[in-house]
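Just below is one structure, and these are the notes that go with it.
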Amino acid sequence: MSQEPEEGRSLRRFRRLRPRTRPRFEGLSFNRLIPNILTMLGLCAGLVAIRAAIEDRFALAAALIVVAAVIDGLDGRLARLLKATSRFGAEFDSLADFLSFGVAPAMVLYLWSMQTVGPLGFVPCLLFAVCSALRLARFNASLDIGPAPKPAYAYNFFTGVPAPAGAGCALFPLFGALAFSEWGWIGTGDAIRHPALVGLVLVAVGVLMVSTLPTWSFKNFRIPRAAVLPLLLGAGLYVALLVAEPWAALAAGGLIYLGMLPFSLRSYLTLKREAEAMIEPEPEPEAVLKP
C-alpha cells in the first residue's frame, strides 16, 4: 500500500482546521435604504391621495397628504442619523415632494372645488403646481453649484415657504370645510368651498413658495428658557386638539404657520442688522498732503 506523503497530510489537515470564509455580497446595507423606502412610501401616499380624490373621498385624500408630509419630515433626518445621505436620495426626495405637495394638493382641490367653474378653475391649480416645481428646481440647482456663501444666521431660515408647509396651507379650505361639516355647519363649509376662496389661497401660497421670504427652518432654532414651558404646554394642547378634532387642528396649524411668517421676517432682519453692526467699517486712508 502506498503511503500518503507527510506534506500532503499536513496540507489536508491545514485545510480542515482553516475557518471557512463566508462569501461577501456587494451592495448597500439595508440601513442605507431605509430613508429611500420612506421616501417611496410618501410618494405612494401622494399617488393614492389623487386616486381618493377621483373617487370623491376627499377626507382620505387630505389625510394621505398629511401622512406624506410626516414621512417627508422623517426621511431626511433619518438619512442624516444613519449617515445614508446621497445625491440619489436628494433627487428622489425632490421628485416625491413635487408629486405629494405640488401635484396632489392641486388635483385634490381641483376635483373638490375648482372644477365647478369650468376650464378657468384649473389655472390656479396649475400655477400652484408650477410654483412647487420651481421651488424644488431652485433647491436642486443649489446642490449642483454648491451653497452660496451666506452669513451664519441665514442658515436658520428657508428661502420661501417649504413645499410640505405650502401644501398644508393650500389645503386649509378643505381642512376647514371638513371640520365645519362634522360640526353641522353646512353653510359655512360650503362658503369655504367656494372656488374664489380656494383659487385665491392656491395663488397666494404658490407665490409664497417661490418668493425670497425668509422662513424659519426650526433646525437650529433656539428657544429662550422663559418660553420653554409655554411652548411645551402649547404643543400639548395642540396634540390634544389634533386627537379630538383633527381637521380643525390641521386648519389651525395652517393659520398659525401663516401668522408666523411676519415674525420670521422680523427675526431675519433683526439678526441681519445685528450682524452688520458687528462689522467695523474700515478706516479711511489719511489724505496725503502735497507740498
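The values are calculated or read from the model by the stated rules, or taken from the named source; none is laboratory data. Model, not experiment: these values are computed from the prediction. Every residue, glycine as well, gets a Cβ built from its backbone with ideal geometry; the counts of neighbours run over all protein chains shown.
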Going by the conditions given, is Ile192 modelled with pLDDT under 85 and over 18 Å from Leu265 (Cβ atoms)? no
Within segment 70-87, residues of a type in the set (Gly, Ala, Ser) and surrounded by fewer than 20 Cβ atoms within 10 Å (Cβ to Cβ) come out as Gly73, Gly76, Ala84, Ser86
Selection from segment 222-247 of residues closer than 25 Å to Arg77 by Cβ, part of a loop (DSSP other than H, G, I, E, B) and at pLDDT 90 or above yields none
Quiz item: Regarding Leu250, is this residue surrounded by 11 or more Cβ atoms within 10 Å (Cβ to Cβ) and part of a helix (DSSP H, G or I)?
Solution: yes
Here the qualifying pairs (Cβ atoms under 8 Å; residues six or more apart or on different chains; first in segment 179-204 and over 20 Å from Pro246 (Cα atoms); second assigned to a helix (DSSP H, G or I) and among the hydroxyl-bearing types (Ser, Thr, Tyr)) come out as Pro195/Thr116
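Restricting attention to segment 212-221, does a residue exist that is over 30 Å from Val117 (Cβ atoms), among the basic types (Lys, Arg) and part of a helix (DSSP H, G or I)?
So far as segment 212-221 goes, no, none of its residues is over 30 Å from Val117 (Cβ atoms), among the basic types (Lys, Arg) and part of a helix (DSSP H, G or I).
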